[in-house]
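Here the structure comes first, spelled out in structure tokens, and everything after it is commentary.
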Amino acid sequence: MISALDRVRRAHVAIMGNIEWCEYGPLLAFGKTTITDDIPTAATDGVDKLYNPEFIDTLSDAELRFVVLHEATHIAYQHMYTWRALSEENAMLANVAMDYFVNTALVDTDNGRNFITMPKIGIPPEPKYRGWTVKRIYEDLKQNGKGGGGGVKSFDVHLQPQQGSGAGSAEDAAKVAEVANEIERLVRQGQIVKDQRQRMAGTGSSNSAGVFGDILNPRADWRKVLREFMTETCTARDEPSWRRPNRRYMHEDVYLPSLDGEAMGELVIGFDTSGSCFGTDHMSRVVSELQSIVAEVKPTRIVVAYWDTKVVASQVFESGTFDVAGVKPVGGGGTEGACLFDWLRKERINPQAIVQFTDGCFSDWGRSAWPTIWAVTDKDTTAPYGTTVHVEV
């Protein structure tokens, strides 16, 4: 009979192999996975995951995948850290609010595909709470007299998060920041993996970011996110190879191929040169940052395209160079967000990644078959697909 730990590992492999859920792969390798009788069902402290072996034995494979994704989603949204104050006020109600949030998101993302199945116990999805924050759900439950959870019971336990010398201490703050940065990096890396998988399958990049949609568009430190996107997407991404197993998952006894290759292929940089973007300080900052990143990832070829309602001009930089002084933007007209992607298809240009600089003031964002990051100057605008960073001067 297969052990509980092996069943969890098998669930991890199935999730990583599923094109709709593979974005969870980096998160599943984060923290420790422990099989223990110390908790009744499943639990997380915001980093590590714990499972009761008898509980696992009651679950079908689809139910176990649901439970694994449930714990990983708590970690992705940093629930144990973000809502610590709610847990201190009413731990049971906070648990129920978090689980309404997670379970509704998971069932919506599965969308009837039946890759996951909600266990017989647990907080059922609630359409009313679709798109709500945990805090808003918590307050709604409290205002409606459900301070004890309203009779529903979660199937997992929410443990106190890992801390330093104590909540509120400098050491604790540093620990929280370290965990938050790593989780945010893994979530973005997961979306890059999903985009690459979809591209290989010929479906293009997703027009929605799945369950992570509202945490994939950070406003802070756009330079860091841009650099991370370029590094994760554009280096060592040639061919899968079993000769060199992927070390990220080996501690789980999961052997997956690594990707051979050193150089990045072709990079496309699109500049919105409509009247509202042309020659701004935002554009100068993005160009400067890209020059620094390009020097690291060394793409074999860079195509720079200037567009407003159409691609009005383009330049090519060879051998990993990106000369700021040589960038010659042309434009100044209206804006049509789809035109760059249409031009790439027409010219049969097949880049490894695309960086799009724009103010986002248009309705048609087009469709991209390539990993795409949008560097947007309007702080209230987010692209409907890919990754968005909000550029600040």
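The values are calculated or read from the model by the stated rules, or taken from the named source; none is laboratory data. Computed from a predicted model, the values in this text were never measured in an experiment. Positions of Cβ are generated from backbone atoms using ideal geometry, with glycine treated the same way; all protein chains shown enter the neighbour counts.
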What pairs come out if I take residues in segment 1-13 that are modelled with pLDDT of 95 or more and pair them with residues that are surrounded by 12 or more Cβ atoms within 10 Å (Cβ to Cβ) and small (Gly, Ala, Ser) whose C-beta lies under 9 Å away, six or more apart or interchain?
His12/Gly25; His12/Ala29
All positions within segment 339-381 that are touching a residue at least 40 places away in the same chain (Cβ under 8 Å), within 23 Å of Arg197 (Cα to Cα) and of a type outside the set (A, V, I, L, M, F, W, C):
Asn350, Pro351, Gln352, Gln356, Arg367, Ser368, Pro371, Thr372
Total residues in segment 1-25, condition closer than 15 Å to Val187 by Cα and outside any helix (DSSP H, G or I):
2
If I filter segment 17-35 for residues that are touching a Cys at 6+ places or on another chain (Cβ under 9 Å) and crowded, with 19+ Cβ neighbours inside 10 Å, do I get at least one hit?
no
Kindly indicate whether Thr58 is farther than 17 Å from Gln160 by Cβ and surrounded by fewer than 19 Cβ atoms within 10 Å (Cβ to Cβ).
yes
Show the residue pairs meeting these rules: Cβ distance below 7 Å; 6+ apart or different chains; first residue within segment 46-75 and within 22 Å of Tyr100 (Cβ to Cβ); second residue among the aromatic types (Phe, Trp, Tyr) and part of a helix (DSSP H, G or I).
Gly46/Tyr81; Leu69/Tyr24; Ala72/Tyr24
Could you please find all residues in segment 299-321 being aromatic (Phe, Trp, Tyr), surrounded by 20 or more Cβ atoms within 10 Å (Cβ to Cβ) and in contact with a helix residue (DSSP H, G or I) (Cβ under 9 Å, 6 or more places away or on another chain)?
Trp307
Ala91: passes all of (1) exposed (fewer than 14 other Cβ atoms within 10 Å of the Cβ); (2) free of Cβ contacts under 8 Å to residues at least 60 places away in the same chain but (2)
Can you name the strands (runs of 3 or more DSSP E) wholly within segment 246-358 that have at least 2 residues being among the aromatic types (Phe, Trp, Tyr) and modelled with pLDDT of 85 or more?
299-307
